[in-house]
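J.: Below is a structure I'd like to ask you about.
The values are calculated or read from the model by the stated rules, or taken from the named source; none is laboratory data. These figures come from a predicted structure and were not determined experimentally. Here the Cβ positions follow ideal geometry from the backbone for every residue, glycine too, while neighbour counts run over all protein chains shown. With ligands, DNA and RNA removed, areas are computed over all heavy atoms of the protein, side chains included. Shrake-Rupley method; radii C 1.70, N 1.55, O 1.52, S 1.80 Å.
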Amino acid sequence: MTDGAIVVGASSGIGEALAQELAAEGYEVGLTARRTERLVEIGAVLPTNAYVATMDVTDVTDAREGFDELVDAMPSVDLVVISAGVGHLNRDLEWEPERETVDVNVRGFTALATAAMAHFDDRGAGHLVGLSSVAAVFGNGSAPAYNASKAFVSTYLEGLRYRQAGRESDVTITTVEPGFVDTEMAMGEFWMCSPETAARQIRRAIDRERDHVYVTRRWRLVAWVLNALPERLMQRLFT
């Protein structure tokens, strides 16, 4: 049976590029996002079968139900990638940008991560990939909710890995922490890579069943430096 993958947030950016990368490797792909027409366009040009499900991750009940329906529609779902996310520069702490960030990056992410884990526990195996960010390693006065939400994603995935220790189901959990990627969400241009480059590196991490990967790999150095800097200097950098 052909392997199947669901990509949440497949209508643009890294999610779209990764759907194309996985299909090129032979996966049948389930595409989910809010923009149905865009998903249909993407699915039409993939070299393998594509399955489309409209999903707004902020409606967590509907999103979980849609996820289960997509699983049932596909012959097999061996891999789930949660790529949906939003980010806002919001120094004035306006409520709506902060609320949306938490709804998508925390509540929506957790709703689908738990749905994926339930599916993998039932089938006895699988691979969950979550898109976090290098932003997870520091606070940011210009985008406080975004960095905090990515810290949640990274720590939550770490917790899922610990949960799997000693369990009978064979579930791999991969945390992806990109730096700047050339998408609408990019908050800088330093060491920026294309979505296609990011997708290739993520696909290699999937193939190798890595626990954690920086995209691109040089961002490992940035994360190390930021973790080593004293608090006063971090405040100056990210006020």
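J.: Among the listed residues G126, G139, identify the single one that is open to solvent by 10 Å² or more (accessible area, probe 1.4 Å), part of a strand (DSSP E or B) and either on the phi > 0 side of the Ramachandran plot or modelled with pLDDT under 95 (or both).
T.: Residue meeting the stated conditions: G126.
J.: Given the options F120, F109, name the one that is in contact with a strand residue (DSSP E or B) (Cβ under 7 Å, 6 or more places away or on another chain) and under 30 Å from W224 (Cα atoms).
T.: One residue alone meets the criteria, F109.
J.: Looking at segment 95-140, which of its residues are farther than 25 Å from Q201 by Cβ and touching a residue at least 60 places away in the same chain (Cβ under 8 Å)?
T.: G139
J.: Another one. Just to be sure before I move on: is L89 modelled with pLDDT under 95 and out of contact with any strand residue (DSSP E or B) (no Cβ under 7 Å at 6 or more places or on another chain) in the structure I sent?
T.: yes
J.: Another question, then. Based on this model, can you work out whether A63 counts as modelled with pLDDT of 95 or more and more than 24 Å from P97 (Cβ to Cβ)?
T.: no
J.: Could you check segment 67-89 and list, in sequence order, the residues that are touching a residue at least 12 places away in the same chain (Cβ under 8 Å), among the charged types (D, E, K, R) and part of a helix (DSSP H, G or I)?
T.: Scanning segment 67-89 gives D68, E69.
J.: Okay, next question. Failed condition for D92, given (1) more than 27 Å from A53 (Cα to Cα); (2) in contact (Cβ under 8 Å) with a residue 12 or more places away in the chain; (3) outside any helix (DSSP H, G or I); (4) out of contact with any helix residue (DSSP H, G or I) (no Cβ under 7 Å at 6 or more places or on another chain), with all others met?
T.: Of (1) more than 27 Å from A53 (Cα to Cα); (2) in contact (Cβ under 8 Å) with a residue 12 or more places away in the chain; (3) outside any helix (DSSP H, G or I); (4) out of contact with any helix residue (DSSP H, G or I) (no Cβ under 7 Å at 6 or more places or on another chain), only one is false for D92: (2).
J.: Name every residue in segment 161-178 that is touching a Ser or Thr at 6+ places or on another chain (Cβ under 9 Å) and not polar (S, T, N, Q), in order of residue number.
T.: Selection gives R161, V176, E177, P178.
J.: Taking the condition of being crowded, with 19+ Cβ neighbours inside 10 Å and not in a helix (DSSP H, G or I), how many residues in segment 39-66 meet it?
T.: Matching residues across segment 39-66 total 6.
J.: Which numbered condition trips up T2, out of (1) farther than 23 Å from H119 by Cα; (2) among the β-branched types (V, I, T); (3) surrounded by fewer than 17 Cβ atoms within 10 Å (Cβ to Cβ)?
T.: (1)
J.: Determine the pairs where a residue that is under 30 Å from A5 (Cα atoms) and exposed (fewer than 15 other Cβ atoms within 10 Å of the Cβ), located within segment 206-230, has a partner that is of a type in the set (S, T, N, Q) and modelled with pLDDT of 75 or more with Cβ atoms under 6 Å apart, the partner being 6 or more residues away or on another chain.
T.: Final answer for the pair search is E209/T172.
J.: Right, here's the next one. Here is a list of conditions, (1) open to solvent by 60 Å² or more (accessible area, probe 1.4 Å); (2) modelled with pLDDT of 95 or more, and V153 meets all of them except one; can you say which number that is?
T.: (1)
J.: So T101 ticks every box in (1) modelled with pLDDT of 95 or more; (2) farther than 26 Å from N49 by Cβ; (3) open to solvent by 20 Å² or more (accessible area, probe 1.4 Å) but one. Which box is left unticked?
T.: (3)
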